[in-house]
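Right, one structure below, let's go through it.
The values are calculated or read from the model by the stated rules, or taken from the named source; none is laboratory data. Since the structure is predicted, the reported quantities are computational estimates derived from the model, not experimental observations. Here Cβ is always computed from backbone atoms with ideal geometry, including for glycine, and neighbour counts include all displayed protein chains.
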Amino acid sequence: MRAFGKLVAAALLALGLQGCASAVMDYSEMPRERGQARVENDGHKPLQCVPYAREHSAIKIYGDAYTWWDKAAGKYPRGTLPQAGAVMVLNNYAGATRGHVAVVRQVMSAREIRVDHANWLDDGSIYINNPIEDVSGDNDWSVVRVYNLKTGGWGGKLYPVQGFIEPAGRMPDRNDDNNADHPDLVADGGPGQHMGATALASEINAFR
């Protein structure tokens, strides 16, 4: 009887699996590759987007995020389309002095990129391989939405993109007149004192 019972159970399991296999799953709203959120919790000050972007890209600009686009003029190429290594600049999504910068890790498609950035949710966290989707009508990357790695879903808010600062051209010096009088307004310390980003640099690089 026990053997017969096992046979019946196996048959029922096979039918159940066949039923699952026949169902079509719609993954169109899900990123094709999972990202990873890194939380800064080692006792350092919370990380901010500006020093993180500067340390993890070839764009060496100082000052608050909303000033980066204008400061890049004449020093770095600026474009409207993403490329790996560029810095995406978001601006004016919550007032003229509200900005955010993120380093483009890779271009997944004409509509999706992955970025590395810090303090996106004002929590001091580092977000690695974070999906970003272009939702502009003309596919010109003027408006994007951001995948929330903590909730596992796309955010409902749309963000205007000022553009992409590309990693080429003259590398500004720390003593450049355009930078010297404008310290990081939201940075975790002045130039040379970004303890949080420096302390986690080797850990973050392990995911590259």
Keeping to the stretch 130-153, report how many residues are modelled with pLDDT under 95 and among the hydrophobic types (A, V, I, L, M, F, W, C).
1
Among the residues of the stretch 6-24, is any modelled with pLDDT of 95 or more and not in a loop (DSSP other than H, G, I, E, B)?
no
Go through the stretch 86-123 residue by residue and tally those that are of a type in the set (Gly, Ala, Ser) and buried (at least 18 other Cβ atoms within 10 Å of the Cβ).
4
Test TYR52 against the stated conditions and say whether it is of a type in the set (Phe, Trp, Tyr) and either touching a residue at least 40 places away in the same chain (Cβ under 8 Å) or surrounded by 24 or more Cβ atoms within 10 Å (Cβ to Cβ) (or both).
yes
So which residues in the stretch 75-98 are small (Gly, Ala, Ser) and touching a residue at least 60 places away in the same chain (Cβ under 8 Å), if there are any at all?
GLY79, GLY85, ALA86
Spot the failing condition for TYR127; the list is (1) among the hydroxyl-bearing types (Ser, Thr, Tyr); (2) assigned to a loop (DSSP other than H, G, I, E, B); (3) at pLDDT below 95, and only one is missed.
(2)
How many residues does the stretch 53-70 hold that are in contact with a strand residue (DSSP E or B) (Cβ under 7 Å, 6 or more places away or on another chain) and polar (S, T, N, Q)?
1
I'd like the residue in the stretch 130-153 that is among the acidic types (Asp, Glu) and part of a loop (DSSP other than H, G, I, E, B) and, out of all such residues, is farthest from VAL87 (Cα to Cα).
ASP138
